[in-house]
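Shown next, in structure tokens, is the structure this report addresses.
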Amino acid sequence: MMHLKKIIGKVHFRARLDFDEALALYQQADFHLLGQLAHGVRLQKHPEPLVSYVVDRNINYSNVCICGCRFCAFYRPPGHPEAYVLTREDLVRKIEETISLGGTQILMQGGHHPDLPLAFYEDMLRFIKSRFRIHIHAFSPPEIVHFAKLEETDPAEVISRLRRAGLDSIPGGGAEILVDEVRDSVSPNKCSAQAWLQVMEEAHRQGLRTTATMMFGHEEEPGHRIAHLLALRDLQDRTGGFTAFIPWPFQPTNTAIPRSPETPVAYLRLLAVSRIVLDNFDNIQASWVTMGPKVAQLALHFGANDFGSTMIEENVVAAAGVHFRLSVSEIRRLIRYAGFQARQRTMAYEWVGDTEMGGHGDGETRR
């Protein structure tokens with residue numbers, strides 16, 4: 001117990017925790033105390049009572065994938081009757097609807113399609129940029145590694161080509177748990193933990209900002225979760241390129257991993273320790289998409305300062321049987337009822353338009 005008191009003292013004085021200290025705090029600290037500590041760190045970084053959110057759409061350009069990850073209910077193998085690649089007409093319709101609803105960006109991800117060359121994705125980016133003024137947040141590190149293999153080049157060249165074609169930032173998907181013994185079990189055909197980190201470091205080197213994620217609650221141990229956080233913290237020390245961290249719990253329905261979903265308490269514990277350990281991350285995002293609006297409100301008192309995306313469209317979590325939906329007005333109301341002021345942001349955490357009304361105007365940003 002004295003050891004835990006010492007760790008709590010380090011958190012109060014904003015001293016960095018090592019692996020053993022972070023694991024002990026995560027496993028042993030009282031639930032409410034852990035939330036209080038995380039909220040204190042959040043208030044030091046963001047003393048004003050503001051909670052941000054972004055208006056965007058998750059566009060899955062294809063569900064064709066050859067990875068066969070055991071946690072995924074969304075993908076379809078090549079030739080499956082439900083397999084698809086979005087047409088340009090569908091893409092335009094989705095983006096036009098996003099912009100009409102005040103959206104400032106699109107999040108585009110897909111599977112590891114075996115037959116689409118890198119030129120397909122370059123053309124898609126150029127097509128979007130030629131028609132719309134919108135931020136493109138797209139292609140997770142495993143996708144970029146997959147593109148590089150198909151193209152017989154390296155991820156740095158892939159990132160460079162995508163950036164020239166119109167890519168604005170990279171999402172943190174495909175991280176799962178950044179420990180290879182876990183990845184080898186749940187996603188053996190996806191890139192290694194080191195490859196994921198190298199893609200992000202290269203993206204930061206080329207001037208792209210990215211997010212970081214964790215999907216937890218499948219076949220990992222608590223120590224694996226802490227190792228994941230420390231790997232992100234180490235990279236952020238070197239580059240400063242991550243804008244936010246988003247943890248969410250694995251959704252087991254319709255997947256090949258039979259287990260019960262994580263409880264709200266387990267989610268909030270992980271969220272709180274993330275805020276404490278990731279001392280060089282400015283923003284921690286709540287996951288109302290997986291946990292629902294009420295737990296997301298609690299998350300704002302367990303370290304989160306961001307409510308995430310409006311998710312005008314979401315398909316991956318929905319494929320696992322979770323169907324939460326929120327409008328901009330509902331998100332703003334939930335933030336207000338949790339005791340904060342809602343502000344619309346961009347991917348880079350700049351305020352959008354009229355900060356009092358939510359910014360559904362001309363997309364002008366200011367810090």
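The values are calculated or read from the model by the stated rules, or taken from the named source; none is laboratory data. Computed from a prediction, not measured in an experiment: that's the story for all the values here. Methodologically, a virtual Cβ is constructed for each residue, glycine included, from the backbone with ideal geometry; neighbour enumeration extends over all protein chains shown.
Looking for whichever is of a type in the set (A, V, I, L, M, F, W, C), farther than 30 Å from Gly217 by Cα and in contact with a Gly (Cβ under 6 Å, 6 or more places away or on another chain) here; the options are Leu125, Leu118, Leu91. Which one fits?
Details: Leu118 fails: in contact with a Gly (Cβ under 6 Å, 6 or more places away or on another chain); Leu91 fails: in contact with a Gly (Cβ under 6 Å, 6 or more places away or on another chain).
Selected residue: Leu125, the only one of Leu125, Leu118, Leu91 that is of a type in the set (A, V, I, L, M, F, W, C), farther than 30 Å from Gly217 by Cα and in contact with a Gly (Cβ under 6 Å, 6 or more places away or on another chain).
List the helices (runs of 4 or more DSSP H) that sit entirely inside region 1-105 and contain at least 2 residues that are among the small types (Gly, Ala, Ser) and within 30 Å of Leu230 (Cα to Cα).
Output list reads 19-28, 31-45.
Among the listed residues Leu101, Leu107, which satisfies the condition of being within 23 Å of the chain's Cα centre (by Cα), aliphatic (A, V, I, L, M), under 28 Å from Ala299 (Cβ atoms) and surrounded by fewer than 16 Cβ atoms within 10 Å (Cβ to Cβ)? Show your work before the answer.
Numbers: Leu107 fails: surrounded by fewer than 16 Cβ atoms within 10 Å (Cβ to Cβ).
None of the others qualify; the one that does is Leu101.
Right, Leu300: at pLDDT 85 or above and touching a Pro at 6+ places or on another chain (Cβ under 8 Å) or not? Steps first, answer last, please.
Values: at pLDDT 85 or above: yes; touching a Pro at 6+ places or on another chain (Cβ under 8 Å): no.
When the stated conditions are applied, Leu300 does not pass them.
In region 267-291, what residues are under 12 Å from Pro249 (Cα atoms) and outside any helix (DSSP H, G or I)?
Matches in region 267-291: Ala286, Ser287.
Can Val352 be described as closer than 19 Å to Ala299 by Cβ, at pLDDT below 95 and buried (at least 19 other Cβ atoms within 10 Å of the Cβ)?
no
Report yes if some residue within region 257-266 is over 20 Å from Pro188 (Cβ atoms), of a type in the set (A, V, I, L, M) and not in a strand (DSSP E or B); otherwise report no. So that I can check it myself, show each step before the final result.
Taking region 257-266 and keeping what is over 20 Å from Pro188 (Cβ atoms), we get 260-266.
Next, from what is left, pick out any that are of a type in the set (A, V, I, L, M): 265-266.
With the extra rule that they be not in a strand (DSSP E or B), the set shrinks to 265-266.
Yes, there is a match, as at least one residue in region 257-266 is over 20 Å from Pro188 (Cβ atoms), of a type in the set (A, V, I, L, M) and not in a strand (DSSP E or B).
Mind checking which residues of region 139-181 are in contact with a strand residue (DSSP E or B) (Cβ under 8 Å, 6 or more places away or on another chain) and among the acidic types (Asp, Glu)?
Glu143, Asp168, Glu176
Whether any residue in region 102-111 is without any contact (Cβ under 8 Å) to a residue 60 or more places away in the chain and farther than 23 Å from Val55 by Cα is what I want to check. First the steps, then the outcome.
Residues of region 102-111 without any contact (Cβ under 8 Å) to a residue 60 or more places away in the chain: 106, 108, 110-111.
When the remaining residues are screened for being farther than 23 Å from Val55 by Cα, the result is 111.
Scanning region 102-111, I find at least one residue that is without any contact (Cβ under 8 Å) to a residue 60 or more places away in the chain and farther than 23 Å from Val55 by Cα, so the answer is yes.
State all residues of region 130-152 that are out of contact with any helix residue (DSSP H, G or I) (no Cβ under 8 Å at 6 or more places or on another chain) and without any contact (Cβ under 8 Å) to a residue 60 or more places away in the chain; if no residue qualifies, say none.
Within region 130-152, Ser130, Ser140, Glu143, His146, Lys149, Glu152 qualify.
Take the residues of region 147-200 that are part of a loop (DSSP other than H, G, I, E, B) and touching a Cys at 6+ places or on another chain (Cβ under 7 Å): which is farthest from Phe120 (Cα to Cα)?
So the residue we want is Ser187.
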